[in-house]
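Trainee: Mind having a look at this structure? Questions to follow.
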Amino acid sequence: DKNLEKGKEKIEKEGKGRDKEITGREFGQQRAAEARQRAEQRRSEAKQKLEEQEQKVQSNEERIAEARERVKQQWEQGDISAEEEAERNERIQQAEERMEQMREAVQERRRQIEELGKELEEAVEPE
């Protein structure tokens, strides 16, 4: 039973290019088409993930702005002390710094995806 499974597995591994009904040229074209399809799929998945990250950055920026406004209002109304205001503003500043790092990472990822797309278009030109 195990030998039968190993035999099937070996046949599947050897299966690439073994279809004698197609020529070498046709096989190469088929493999290239599959490679283009996989590359395009990876590119679209990367774009989707990038869009999700951009939305997350935008929502976090809005939350930070709301927090800063809330602290300002609490200070003006006398609900918090100067020490609490300074502490909260420091935490908001740290969050803004993390957001800037995230924003830079998203921009770098966008640049990489664009370069990958250009390379894909140049390297794989359909006939």
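Trainee: Could you check, for region 107-116, whether at least one of its residues is of a type in the set (D, E, K, R) and touching a Phe, Trp or Tyr at 6+ places or on another chain (Cβ under 8 Å)? Step through it out loud before you land on a result.
Mentor: From region 107-116, those of a type in the set (D, E, K, R) are 108-111, 114-115; that's our starting set.
Applying the additional criterion that residues be touching a Phe, Trp or Tyr at 6+ places or on another chain (Cβ under 8 Å) yields none.
No, region 107-116 has no match at all.
Trainee: Among Glu108, Glu69, Glu85, Glu104, which is at pLDDT 90 or above, open to solvent by 60 Å² or more (accessible area, probe 1.4 Å) and either outside any helix (DSSP H, G or I) or more than 30 Å from Arg38 (Cβ to Cβ) (or both)?
Mentor: Result: Glu69 is the single residue among Glu108, Glu69, Glu85, Glu104 that is at pLDDT 90 or above, open to solvent by 60 Å² or more (accessible area, probe 1.4 Å) and either outside any helix (DSSP H, G or I) or more than 30 Å from Arg38 (Cβ to Cβ) (or both).
Here is a yes/no grid of residues against (1) under 30 Å from Glu122 (Cα atoms); (2) of a type outside the set (Gly, Ala, Ser); (3) in contact (Cβ under 8 Å) with a residue 24 or more places away in the chain:
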| residue | (1), (2), (3) |
| --- | --- |
| Arg42 | yes, yes, no |
| Glu45 | yes, yes, no |
| Glu52 | yes, yes, no |
| Arg63 | no, yes, no |
| Arg68 | no, yes, yes |
| Glu85 | no, yes, no |
| Gln107 | yes, yes, no |
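Trainee: Something else now. Tally up the residues in region 9-35 that are open to solvent by 80 Å² or more (accessible area, probe 1.4 Å) and either at pLDDT 85 or above or in contact with a His (Cβ under 9 Å, 6 or more places away or on another chain) (or both), please.
Mentor: Looking only at that region, the number is 4.
Trainee: Further question: Which number in (1) of a type in the set (Lys, Arg); (2) open to solvent by 80 Å² or more (accessible area, probe 1.4 Å); (3) modelled with pLDDT of 85 or more marks the one condition that Lys118 misses?
Mentor: Failing condition for Lys118: (3).
Trainee: May I pose another question? Give the residue, chosen from Gln53, Gln94, that is among the polar types (S, T, N, Q), over 30 Å from Gly28 (Cα atoms) and surrounded by 13 or more Cβ atoms within 10 Å (Cβ to Cβ).
Mentor: Within the list Gln53, Gln94, the selection yields Gln53.
The values are calculated or read from the model by the stated rules, or taken from the named source; none is laboratory data. Remember, it's a predicted structure, so these values are computed and weren't measured experimentally. All Cβ positions, glycine included, derive from the backbone under ideal geometry; neighbour counts span all protein chains shown. With ligands, DNA and RNA removed, areas are computed over all heavy atoms of the protein, side chains included. Shrake-Rupley method; radii C 1.70, N 1.55, O 1.52, S 1.80 Å.
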